[in-house]
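Trainee: Please see the structure below; I have some questions.
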Amino acid sequence: LLTGVLAHVSQRAQRTADAAAARRAESLAAITDLATALADHRRAMWVREDLRLRGADWEAARAESHATRSAITAPLLRISIICPELTPAAQAAATAVYGLRGAGSETVLAAARERAITASDALVTAAGTALAA
């Protein structure tokens, strides 16, 4: 009887550890995907807005920025579901990247880019803290 109970407890502990490891791996993948999508969109928006501010043809850059913005949606949703404690930082990072749109000057665009980088870095820091816990 004792051997059976010990085996059951051991199996349950292993299942719990396996589930925690799977959740951590899934969280890490979602965070990585979002950080990548944010960086891609930030770059696309920089190119798009720089072309627009210089008066150049920015139609192709506009199409690319639409694709990169769309790529943010899925990992942002996954983080909201898997790691709700990271949702505020993830939303702030996405909002900061979206803030590059419609910059009135090169200076404003550069400042918006710096805010977006800072917000993305804050997300990564918060994710590191959450995953280490």
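Trainee: Would you please name the residue that is surrounded by the fewest Cβ atoms within 10 Å (Cβ to Cβ), looking only at residues in region 77-86 that are more than 16 Å from Ala133 (Cβ to Cβ) and out of contact with any helix residue (DSSP H, G or I) (no Cβ under 6 Å at 6 or more places or on another chain)?
Mentor: Filtering first and then ranking leaves Ile81.
Trainee: Here's another thing I want to ask about it. Can you report the number of residues in region 99-133 which are at pLDDT below 95 and basic (Lys, Arg)?
Mentor: The number of residues fulfilling the criteria is 0.
Trainee: Let me ask something additional. Starting from region 66-89, keep only residues that are without any contact (Cβ under 8 Å) to a residue 60 or more places away in the chain and under 11 Å from Leu38 (Cβ atoms), then list their pairs with residues that are of a type outside the set (Lys, Arg) and not in a helix (DSSP H, G or I) whose Cβ atoms are within a distance under 7 Å, requiring at least 6 positions of separation or different chains.
Mentor: Final answer for the pair search is none.
Trainee: Is at least one residue of region 10-33 over 21 Å from Val124 (Cα atoms), touching a residue at least 24 places away in the same chain (Cβ under 8 Å) and surrounded by 10 or more Cβ atoms within 10 Å (Cβ to Cβ)?
Mentor: no
The values are calculated or read from the model by the stated rules, or taken from the named source; none is laboratory data. What you see is a predicted model; the values in this text were computed from it and never measured. Because the Cβ atoms are built from the backbone with ideal geometry, glycine has one as well, and the counts that use them run over all protein chains shown.
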